[in-house]
Amino acid sequence: MALNSKVLLVGENHTSYLESGDVDELPLIFIHGFPFNNKMWEDQLIKFGVEYRCIAYDVRGHGSSEAGEVNFSIGLFAEDLIAIMDALKIEKAVIVGLSMGGYVAMKAIEKYSLRFAGLVLCDTQCVADTEEGKEKRKKTIGFIERNGLEVYADESLKNLFAPASFETKQQAVSFIHSTILNTPARTICRTLQALAERNETCTSLPQIDFPVLIVVGAEDKITSPEAARKMNGLIGGSELVIIPEAGHLSNLENPIQFNFHLKEFLKKLNHSNV
C-alpha cells in the first residue's frame, strides 16, 4: 500500500498530510500526539488503506505543516481539523486521535459533532491541566528556551514508552527521539502553552451519539488507564480497550493489538451514515 505525501492550503497556511486508500471509501483521519508528526501513523495508513480512505496530517507547526503566527490553542487546532475536512470535501469521518490528537477531536465535537462518523480516543484524557501541571509546562518552556531540545527529548522518552519498549521497540524509540529533536523549539513551546491553557471537555462527552472506542496503553504514565475509564464512563455505549506491553504510544508499541481493536471497531460502523 503506497502512501501519498500531499500538501493542502488551509487558511493562509500549508498543511502536509499522508493519504492512502480509495477516496470513495469511509474516511479515517488520524491526528498525532505532541510533539510528533503524521509519520507516527504510517503502519495504520498502510494496513487500513486497503479498505478505507486514510489521512494523517501534520498539526500546524509540526512535521512539514506551516505554523502561522496566530497563537496556538486546542480550539484553533480543532478549527484546522474541520477546515482540512472541508478542503478535502469530507462531510463525515472517523477521527483517530492520540494524546493531543484526542484533545483536538474532543474539542471539535463541541461544535461539529455532526462531522463525526466515529471516534477513537487513544492515550488521552478529557480533563484540563491542574495548576501544578500548568506550572510544570511553564517551567519546561523556560528550560527549552534556555537549553534547547536535547535534554527535553531524552526526558520525554522516559514517560512516553513502557520500560520494555526500550528493548523491544528500539526503532520506535529512535523515531520518536529524532521526531522531537526535529520539531522546531518554538513550535514545542507554543504547543506547550496551548496544552496548559486548554479547557476540560469531560462535560461534553455524555452528549456524544456516535460510536466511540477508547484505547490506552496498560503502562501509560501520561494519560493513565484510569483517565480512559473516566471517559468510558462518560460516553454511553463506548468501548474501552487496554493495550498490553504499551505506554503512551500504543499504536507504535503494540501495533498488532492496536490495529486488531481498531479493525474490529470499524467493522461495526454503519457506513451508510457517512
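The values are calculated or read from the model by the stated rules, or taken from the named source; none is laboratory data. All values reported here derive from a predicted model rather than from experimental measurement. Backbone-built Cβ (ideal geometry, glycine too); neighbour counts: all protein chains shown.
Before moving on, here are some points about what is shown:
- Some residue of the stretch 138-159 being modelled with pLDDT of 95 or more, in contact with a Lys or Arg (Cβ under 7 Å, 6 or more places away or on another chain) and farther than 15 Å from M106 by Cβ: yes
- For the stretch 148-161, a residue qualifies if it is free of Cβ contacts under 8 Å to residues at least 24 places away in the same chain and within 15 Å of N182 (Cα to Cα), and the qualifying residues are V151, D154, L157.
- Residue-level check: of (1) surrounded by 17 or more Cβ atoms within 10 Å (Cβ to Cβ); (2) at pLDDT below 95, G11 misses just (1).
- Hits in the stretch 14-47 - residues which are surrounded by fewer than 17 Cβ atoms within 10 Å (Cβ to Cβ) and touching an Asp or Glu at 6+ places or on another chain (Cβ under 6 Å): H14
- Residue within the stretch 124-134 that is surrounded by fewer than 21 Cβ atoms within 10 Å (Cβ to Cβ), among the aliphatic types (A, V, I, L, M), within 25 Å of S250 (Cβ to Cβ) and in contact (Cβ under 8 Å) with a residue 60 or more places away in the chain present: yes
- Elements of type helices (runs of 4 or more DSSP H) contained in the stretch 170-274, each with 3 or more residues being under 17 Å from the mean Cα position of the chain (by Cα) and within 30 Å of K139 (Cβ to Cβ): 170-182, 185-197, 225-234, 250-253
- Flag for L119 being touching a residue at least 24 places away in the same chain (Cβ under 8 Å) and within 30 Å of D209 (Cα to Cα): yes
- Matching entry among R190, R186, R229 (being basic (K, R) and crowded, with 16+ Cβ neighbours inside 10 Å): R190
- Residue in the stretch 243-257 that is acidic (D, E), surrounded by fewer than 18 Cβ atoms within 10 Å (Cβ to Cβ) and at pLDDT 95 or above present: yes
- Of the numbered criteria (1) among the small types (G, A, S); (2) over 25 Å from T201 (Cα atoms); (3) in a helix (DSSP H, G or I), the one S64 fails is (3).
- Selection count, the stretch 139-152, where residues are closer than 12 Å to I188 by Cα and in a helix (DSSP H, G or I): 7
- Conditions (1) touching a residue at least 12 places away in the same chain (Cβ under 8 Å); (2) over 30 Å from L205 (Cβ atoms); number of the one not met by I141: (2)
- Scanning the stretch 90-134 for residues that are touching a Gly at 6+ places or on another chain (Cβ under 7 Å), under 23 Å from L45 (Cβ atoms) and of a type in the set (D, E, K, R) returns a single hit, D123.
- Qualifying positions in the stretch 124-138 - outside any loop (DSSP other than H, G, I, E, B) and among the small types (G, A, S): G133
- Hits in the stretch 77-107 - residues which are part of a helix (DSSP H, G or I), surrounded by fewer than 18 Cβ atoms within 10 Å (Cβ to Cβ) and in contact (Cβ under 8 Å) with a residue 60 or more places away in the chain: A83, A87
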